[in-house]
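The values are calculated or read from the model by the stated rules, or taken from the named source; none is laboratory data. All of these numbers come straight from a predicted model, not from anything done at the bench. We place every Cβ from the backbone using ideal geometry, glycine too, and count neighbours over all the protein chains shown. Just so you know, the surface numbers come from the protein's heavy atoms only, side chains and all, with ligands and any DNA or RNA stripped out. Shrake-Rupley method; radii C 1.70, N 1.55, O 1.52, S 1.80 Å.
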Amino acid sequence: MSTNGISAALKLQFGLINYENRYLTAEAFGFKINASGNSMKKKQIWTLEQDPDSQVVFLRSHLGRYLSSDKDGKVRCEEEVPNTDCRFLIVMQSDGRWALQSEPYSRYFGGSAEYLSCFAQTIGESELWALHLALHPQANLLSVARKRYAHLSTQEDEISMDSNIPWGVDSLITLVYLDGKYSLKTCDNRFLRNDGKLVMEHGPNSSFTLELKSGKLAFKDCEGKYLSPNGPTGTLRSGRCTRPGKDELFDLEESHPQVVFQAANKRYVSIRQGVCISANQDDETDMETFQMEIDKETKKCMFRTNGGNYWTLVTHGGILSSATEIEENTMFDIEWLGRRVALRASNGKYVCTKKNGQLAAVSDSLGEYKHINQYQIHTHNRRQIITLMSSTGEDEQFVLKLINRPILVLRGENGFVCHHKNSNTLHGSRSFYDIFTLLFSDGGYQIKSGNQKFWYVSSSGLVCTDGDKPEDFFFEFVEYGRVGIKAQNGKYLRGDQGGTLMGDGLSVNASSLWEH
């Protein structure tokens with residue numbers, strides 16, 4: 001999928017729900033498939049691959065095997081490389097459901113439980129599949145036609161599609177799935193209505209059917225019209241079209257964490273003065289906001305500015321925002337120190353804040369960097385220059401504040417985090433998600449549930465949601481797209497085998513990493 005150069009478009013991953021409200025499932029044993037899943041977990045997630053030269057699509061299972069149908073309608077999911085039998089066409093229905101047609105044999109795929117085939121000559125209820133996105137629902141929305149991003153325009157009180165880059169909290173869009181339809185929620189918890197208005201209450205006019213065309217997304221409203229950018233600011237609302245064209249198509253792009261840094265001098269790190277990076281500002285603007293991009297292999301972090309450049313190490317330990325490409329000198333190790341972080345550059349030195357506010361990677365260890373100050377003194381009629389060494393012990397430490405997740409959705413290795421219906425605990429393995437409020441507190445974060453109560457970890461290690469007083473948690477962005485969350489007891493939040501969210505993880509591993 002083409003993008004505007006900021007992030008790669010997200011691969012379309014989803015579950016397919018049949019007429020009996022069961023998910024298409026790829027079993028690990030024998031590469032068998034059925035439609036027996038009652039929720040969307042790993043075995044129910046499929047990835048769509050688009051043939052670049054046609055409308056043909058391929059469906060890949062979580063095992064990396066492709067769905068196929070032979071001339072007799074027998075379906076399998078065994079092929080490691082897609083062949084002719086793996087070619088399908090999506091036939092969209094007016095209610096947003098799909099019919100999957102074998103391209104070489106023109107038959108339709110459907111059935112129930114273990115009785116699946118691709119032999120129907122016409123489309124009936126058993127050949128229809130509803131789409132349930134498996135992507136993390138918080139993303140940036142890109143207009144294919146305008147090549148501009150959606151953002152909340154507080155001045156116009158609308159979602160405008162006129163941003164060159166998705167920068168800051170206003171660019172965060174959350175997809176809310178309810179009863180087979182999707183709503184678009186802004187960072188201030190309002191829903192987009194089909195007339196372009198932003199409202200607090202969810203209703204039919206803020207529910208959209210998700211459709212797919214050439215690997216792009218379209219949003220159809222309750223009147224059969226499609227969302228599109230309108231006017232000079234690209235106001236997002238339903239237009240007149242009853243069929244999606246290029247103006248009605250969108251990409252979803254991953255929303256990387258964007259952060260501000262506060263140095264030991266209590267001032268914000270900024271590029272307002274040019275390419276030189278200094279802690280010299282008292283307020284947070286786009287010039288003080290940096291996008292964290294974590295390398296998948298090395299786990300090192302790059303920091304991108306709103307101008308598209310990266311922080312980079314230069315001679316004598318200087319740090320500038322002048323790199324246009326990722327290289328060794330643009331990569332930094334992050335050490336997580338509870339309420340503070342430290343950054344180590346590619347020269348092995350820690351980044352510190354000098355007396356004039358400039359950042360430099362010149363410290364051998366935390367708290368041991370010595371500011372070098374030169375003074376002139378006169379002794380015995382001779383002028384001498386002496387060097388005095390001083391240290392605050394905090395010059396290598398920064399407060400890191402996440403600014404583009406005021407509302408939080410967490411997904412672990414087995415599913416999303418949501419409330420337990422009959423208790424004050426949380427599930428960590430559900431198909432559906434709850435949306436939580438994230439509050440920043442001096443390097444920590446407090447998580448608030450919809451009941452206006454706070455998360456905390458009980459003495460038994462359970463994560464509970466009925467706290468009257470806020471309890472701090474510490475976010476550690478240790479892998480690409482994933483965060484470890486440490487509680488005040490020094491343990492990490494993890495999903496146990498039964499799906500319950502616990503606060504007793506001893507380390508960051510698959511069970512304690514969360515897409516955010």
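Nearest 20 debye, what's the magnitude of the dipole of the chain about its Cα centre given +1 on Lys and Arg Cβ and -1 on Asp and Glu Cβ? Could the numbers behind the result be given before it?
Values: 58 positive and 63 negative charges, 105 e Å.
I would put it at about 500 debye.
Quick one: the Cα spread of the range 1-132 along its three principal axes, in angstroms, biggest first?
44, 32, 30
Can you pull out the GluC sites (Glu not before Pro) in the range 269-375 whose DSSP state is coil and whose Cβ has at most 12 other Cβ atoms within 10 Å?
Hits after loop and neighbour filter: Glu297, Glu325.
Would you mind working out the magnitude of the charge dipole of the range 113-189 relative to its Cα centre, with +1 at each Lys and Arg C-beta and -1 at each Asp and Glu C-beta, to the nearest 20 Debye? Intermediate values should be presented prior to the final figure.
Values: 5 positive and 10 negative charges, 61 e Å.
Its charge dipole is roughly 300 debye.
Assuming R0 = 51 Å, can you tell me the calculated FRET efficiency for the pair Ser458 and Gln121, based on Cβ-Cβ distance, to the nearest 0.05?
After rounding to 0.05, the efficiency reads 0.30.
Taking a ≥ b ≥ c as the square roots of the eigenvalues of the Cα gyration tensor of the range 169-288, is the shape rounded (a/c under 1.5), prolate (a/b larger than b/c) or oblate?
prolate
With the Cα gyration tensor of the range 414-498 giving a ≥ b ≥ c as the square roots of its eigenvalues, does the rule (a/c under 1.5 for rounded; else a/b larger than b/c for prolate; else oblate) give rounded, prolate or oblate?
In terms of gyration-tensor shape, rounded.
Just one of [x] 26.0, 107; [y] 23.3, 68; [z] 31.4, 100 is Rg and Dmax of the Cα atoms in Å calculated from these coordinates, so which is it?
So the structure-derived entry is [x].
Is there a quick way to get the dipole size of the range 78-217? I mean about its Cα centre, with the Cβ of Lys and Arg at +1 and of Asp and Glu at -1; what is the value in debye to the nearest 20?
It works out to roughly 420 debye.
Among the lysines, which have Cα under 20 Å from the Cα of Lys401 when same-chain residues fewer than 8 positions away are ignored?
Partners within reach: Lys266, Lys299, Lys300, Lys448, Lys486.
Calculate the FRET efficiency for Ala145 and Lys355 from the Cβ-Cβ distance with a Förster distance of 51 Å, rounded to the nearest 0.05. Intermediate results must be reported in sequence, preceding the final value.
Values: r = 51 Å, r/R0 = 1.00.
Efficiency for this residue pair is about 0.50.
Between Asn422 and Asn38, what is the label-to-label distance in nm when each label sits 7 Å out along the Cα-to-Cβ direction?
It is 1.4 nm.
Using the Cα gyration tensor of the range 147-230, with a ≥ b ≥ c the square roots of its eigenvalues, what is the shape: rounded (a/c below 1.5), prolate (a/b larger than b/c) or oblate (neither)?
Oblate, because a/c is 1.5 or more while a/b does not exceed b/c.
Report, to the nearest whole %, how much of the accessible area of the chain belongs to carbon and sulfur atoms, 1.4 Å probe, protein only.
45 percent
Just to confirm the filter: which chymotrypsin sites (Phe, Trp or Tyr not before Pro) across the range 159-188 are DSSP coil and have at most 14 other Cβ within 10 angstrom of their Cβ?
Taking the range 159-188 and a limit of 14 other Cβ atoms within 10 Å, no loop chymotrypsin sites (Phe, Trp or Tyr not before Pro) are found.
Toward the positive end of the charge dipole of the range 42-117, about the Cα centre and with charges on Cβ (Lys, Arg +1; Asp, Glu -1), which of Leu100, Val56, Leu116 goes farthest?
Leu116
Among the lysines in the range 9-114, how many pairs, 8 or more places apart or on different chains, have alpha carbons under 21 Å apart?
Total qualifying Lys-Lys pairs in the range 9-114 comes to 9.
Counting only heavy atoms of the protein chains, get the accessible area per residue of the range 1-105 (1.4 Å probe) and round it to a whole Å² value.
Value returned for the range 1-105: 48 Å² of accessible area per residue.
So for the chain, averaging the separation of alpha carbon pairs under 8 Å that are six or more residues apart and normalising by length, what relative contact order in percent results?
Across the chain, relative contact order equals 9 percent.
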